[in-house]
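Working notes, structure below.
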Amino acid sequence: MSPTNLQDLLEQEYQQRLEVNRLRRLVYEQPDPSASPQLLDQLQQAEETLSQIEARRAAAQTADPHASGRILDTTDRETALLGAETTGLEVQVHLRMAQVPTAICHLFDPSGQPLVTCQVRNARKLSPDASGIRRLRVISYVDGYSARAVDTLELPLNKEHPFDQLPTLFPGRVRGVTELTRATLNVMVEDMDSQRIEVHKTHPIWLLARTTAPMAVMDPQSGQWQDMTPYLGAFVTPNAPAVMAFLRVVVEHHPERQLVGYQGDSSAVEPQVRAIFEALKAEGQIRYVNSVIAFSPEEGSATQRVRLPRESLEHHEANCIDGTVLFASLLEASSLSPAIVVVPGHAFVAWETWKKSDEWRYLETTMIGDFTFEQACESAEARAMRYAALPAQPGVFPRFRRWPLRELRAVRGITPME
């Protein structure tokens, strides 16, 4: 597909995203996001149209070598890079994250969320009786922000090897990344026998702010969005001192002045959840703001400024995700099983009605200030039913994503930030 067609699709995607965001604001800036079913219908249709455009754009992007995240290809003679004639190597490197989420990338597995994908081929020309084996070291790092990711390999003649790398960011350095920041990625291939650098390429990349939680990050190689919403579990911090201290306030709103988790029977669960709701409403004095998950200026990720629970308690302010991770933190600290629920453009909290029952109730945290517990549950449950009923579409995120914290912790290893 020609670059012109890709440009047309990028423009269509941009315009449709503007329409989706307009409708999301109309829906989620209401005091009760479920109050207008007709608006939700319009939003759902607009989101489906956007998904169709995204799929076409992804296919065109993958087919275009200049838009597919390729940052190094020694087989492309137009780049004037050192090639197989002088180095005896063919090297291809693709960038796999349009933007690096500094808040959560320490939790990533390089095989699932690499920063770069490399492929090296031993193309040395030798006489028939020579072995031709190359001992190579491949290194990638982000100048000033990361350690070096290193792979060493032996490549027989005419053999190739693909691998992924994710340099480890230095916590002290990325802690100071408070806004979208430009950085430099380095990729090097070294001959271990001669100690000679055969290939060295730098490429500019974006680092997302430490306070930003990406909902999705673009993989330039595939043109697909990578779902980052499970990593919201890192912002759920049940052991933070501020959360534990607030539990003492929650206890005062429980009829029996106790939080017992899943002890007793299932009838004991809802009063504990209600106590959290009432404590946040009466004592937390948090101003809840309905907000829409937005895209970054470079359209490289769907991002949201997220406050840690202690920040929401301290500053008395929260948007939909802030409120969700705060409520989930209090549930987890009470030995209950919470889940983060993500629907297009919004998030709310769920809790399991009994231990490992896989039966869930839902609550809209942005309604805590002006509505009753029953109204907040009814609103969230209406949207959960709507989105959970939508059929799955190939290549599209599920419209209803429920991430139980017990699974995020035990299976995915997503631990609290603090």
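Quick note: the coordinates plus some simple rules give every number you see, no bench work behind them. Worth saying up front: this structure is predicted, and the values here are computed from it rather than measured. As a convention, Cβ positions derive from the backbone with ideal geometry for all residues, glycine included, and neighbour counts pool all protein chains shown.
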*For segment 3-63, restrict the atom set to alpha-carbon positions and state the Rg and Dmax in Å.*
14.0, 45
*asked:* Distances longer than 26 Å among the Cα atoms of segment 229-410: what percent of all pairs is that?
replied: 25 percent
_Using the Cα centre of the chain as origin and beta-carbon charges of +1 (Lys, Arg) and -1 (Asp, Glu), tell me which of Ile414, Ala268, Val349 is placed farthest towards the positive end of the dipole._
Ile414
_Computed lengthening from Lys125 to Arg409, 0.36 nm per intervening residue step minus Cα-Cα distance_ = 97.2 nm
*Once amide H atoms are placed 1.01 Å from N in the peptide plane, what residues at a sequence separation of 5 or more from Glu317, or on another chain, have their amide H within under 5 Å of its amide H?*
Arg287
*Listed residues Pro156, Tyr362, Leu259: farthest to the positive end of the dipole of the chain (Cβ charges)*: Pro156
*asked:* Rounded to the nearest 20 debye, what is the charge dipole size of the chain about its Cα centre when +1 sits on each Lys and Arg Cβ and -1 on each Asp and Glu Cβ?
replied: 720 debye
*Starting at the first residue of segment 179-194, write each ³J(HN,Hα) from the Karplus equation 6.51 cos²θ - 1.76 cosθ + 1.60 with θ = phi - 60°, in whole Hz, x for Gly and Pro.*
8, 4, 10, 7, 9, 10, 8, 10, 10, 10, 10, 10, 7, 6, 7, 8
*Going by C-beta contacts inside 10 Å, put Thr366, Thr62 in order with the fewest on the left.*
Thr62, Thr366
*How would you classify segment 331-418 from its alpha-carbon gyration tensor, with a ≥ b ≥ c the square roots of the eigenvalues: rounded for a/c under 1.5, else prolate if a/b is greater than b/c, otherwise oblate?*
oblate
*What size of dipole, in debye to the nearest 20, comes out for segment 332-418 about its Cα centre when the only charges are +1 on Lys and Arg C-beta atoms and -1 on Asp and Glu C-beta atoms?*
420 debye
_Mean ellipticity per residue at 222 nm, deg cm²/dmol - from DSSP H runs of n ≥ 4 across the chain, formula -39500 (n - 2.57)_ = -9500 deg cm²/dmol
*Among Tyr288, Ile340, Ala376, whose Cα sits farthest toward the positive end of the charge dipole of the chain (+1 at Cβ of Lys/Arg, -1 at Cβ of Asp/Glu, about the Cα centre)?*
Ile340
*So who's got an amide H within less than 5 Å of the one on Met192, skipping anything under 5 residues away but keeping other chains? H placed 1.01 Å off N, in plane.*
Arg135, Leu136, Arg137
*Given the Cα-Cα distance of Gln195 and His315 and 0.36 nm per residue of separation, how much length would full extension add, in nm?*
37.7 nm
*So what J values fall out for segment 139-150 if you push phi through Karplus, 6.51 cos²θ - 1.76 cosθ + 1.60 with θ = phi - 60°, rounded to Hz, Gly and Pro as x?*
10, 9, 6, 10, 3, x, 10, 9, 6, 9, 8, 10
*Enumerate the calculated ³J(HN,Hα) couplings along segment 243-252 in order (Karplus 6.51 cos²θ - 1.76 cosθ + 1.60, θ = phi - 60°), each rounded to whole Hz, writing x wherever the residue is Gly or Pro.*
5, 4, 5, 5, 4, 5, 6, 4, 4, 5
*Taking H as built 1.01 Å from N, whose amide H comes closer than 5 Å to the amide H of Gln226, not counting residues under 5 places away?*
Val217, Met218, Asp219
